[in-house]
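Novice: The structure under discussion is supplied below as structure tokens; questions concerning it will follow.
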């Protein structure tokens, strides 16, 4: 399975925004983007005016990197969203938000999507009582996600629950930390995904060229 293995803090700096790729570290003074809020490389401090194409490209790259999706799969998501009824922007957001690794992160069982992806791959989660180890598995409304009983004591999950237990969960989700269980209640609306760092219309226009 192909995946990005380089330094993730450079991705935030390249996109000029926090993508919260390193979990707890992103909320501390150690955050690389807070210390060096400019693009990496020799010419990173230069501020060139972006063309419309560049704005659309950076929007697409930022969302891909935020959710940890590679180009081929992200294009497939766009093509699927186009064929669905309704607003293509909202359809695209609903697809990426329905990924199991993203929902595990949103529920608070991981401190980052990267960690959630690894935990899912290692088989620590059940969906409707069945083990699912595919991070890109798309959930449907009504699905129940829970941590396997044997996995509830491992440090990454215990620390994530402790870190996230005081935070408010997304309105389209429901979580029960006492039983290490969460529910995917419904598909989110575009306006509800408040941490989306870009205008999704730019992504639609990029792929529609």
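The values are calculated or read from the model by the stated rules, or taken from the named source; none is laboratory data. These numbers were taken from a predicted model, which means no experiment stands behind them. Counting neighbours? That spans all protein chains shown, and the Cβs are built from the backbone with ideal geometry, glycine included.
Novice: Given (1) on the phi > 0 side of the Ramachandran plot; (2) without any contact (Cβ under 8 Å) to a residue 40 or more places away in the chain, identify the lone condition not met by residue 80.
Specialist: (1)
Novice: Sticking with this one: What about residue 195, is it surrounded by 13 or more Cβ atoms within 10 Å (Cβ to Cβ) and under 17 Å from residue 66 (Cβ atoms)?
Specialist: So residue 195 fails the test.
Novice: Can we say residue 81 is in a loop (DSSP other than H, G, I, E, B) and crowded, with 18+ Cβ neighbours inside 10 Å?
Specialist: Considered against the rule, which asks whether it is in a loop (DSSP other than H, G, I, E, B) and crowded, with 18+ Cβ neighbours inside 10 Å, residue 81 comes out as no.
Novice: I've got another one for you. Output the residue which, of all residues in the stretch 108-119 that are within 12 Å of the chain's Cα centre (by Cα) and assigned to a loop (DSSP other than H, G, I, E, B), is nearest to residue 76 (Cα to Cα). Step through it out loud before you land on a result.
Specialist: First pass over the stretch 108-119, keeping only residues within 12 Å of the chain's Cα centre (by Cα): 110-117.
Checking which are assigned to a loop (DSSP other than H, G, I, E, B) leaves us with 110-112.
Details: 110: 26, 111: 27, 112: 24 Å.
Ranking the candidates gives 112 first.
Novice: Looking at (1) crowded, with 20+ Cβ neighbours inside 10 Å; (2) within 30 Å of residue 50 (Cα to Cα), which one does residue 207 not meet, given that it meets all the others?
Specialist: (1)
Every residue, every condition in (1) out of contact with any helix residue (DSSP H, G or I) (no Cβ under 6 Å at 6 or more places or on another chain); (2) outside any loop (DSSP other than H, G, I, E, B), yes or no:
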| residue | (1), (2) |
| --- | --- |
| 123 | yes, no |
| 133 | no, no |
| 150 | yes, yes |
| 162 | yes, yes |
| 175 | no, yes |
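Novice: Among the numbered conditions (1) within 24 Å of residue 64 (Cα to Cα); (2) at pLDDT below 95, tell me where residue 166 comes up short.
Specialist: Status for residue 166: all satisfied but (1).
Novice: Which condition breaks for residue 122 when tested against (1) within 19 Å of the chain's Cα centre (by Cα); (2) surrounded by 18 or more Cβ atoms within 10 Å (Cβ to Cβ); (3) more than 24 Å from residue 195 (Cβ to Cβ)?
Specialist: Condition (2) is where residue 122 drops out.
Novice: Might you let me know whether the stretch 128-135 holds any residue that is at pLDDT 95 or above and surrounded by 16 or more Cβ atoms within 10 Å (Cβ to Cβ)?
Specialist: Within the stretch 128-135, one or more residues are at pLDDT 95 or above and surrounded by 16 or more Cβ atoms within 10 Å (Cβ to Cβ).
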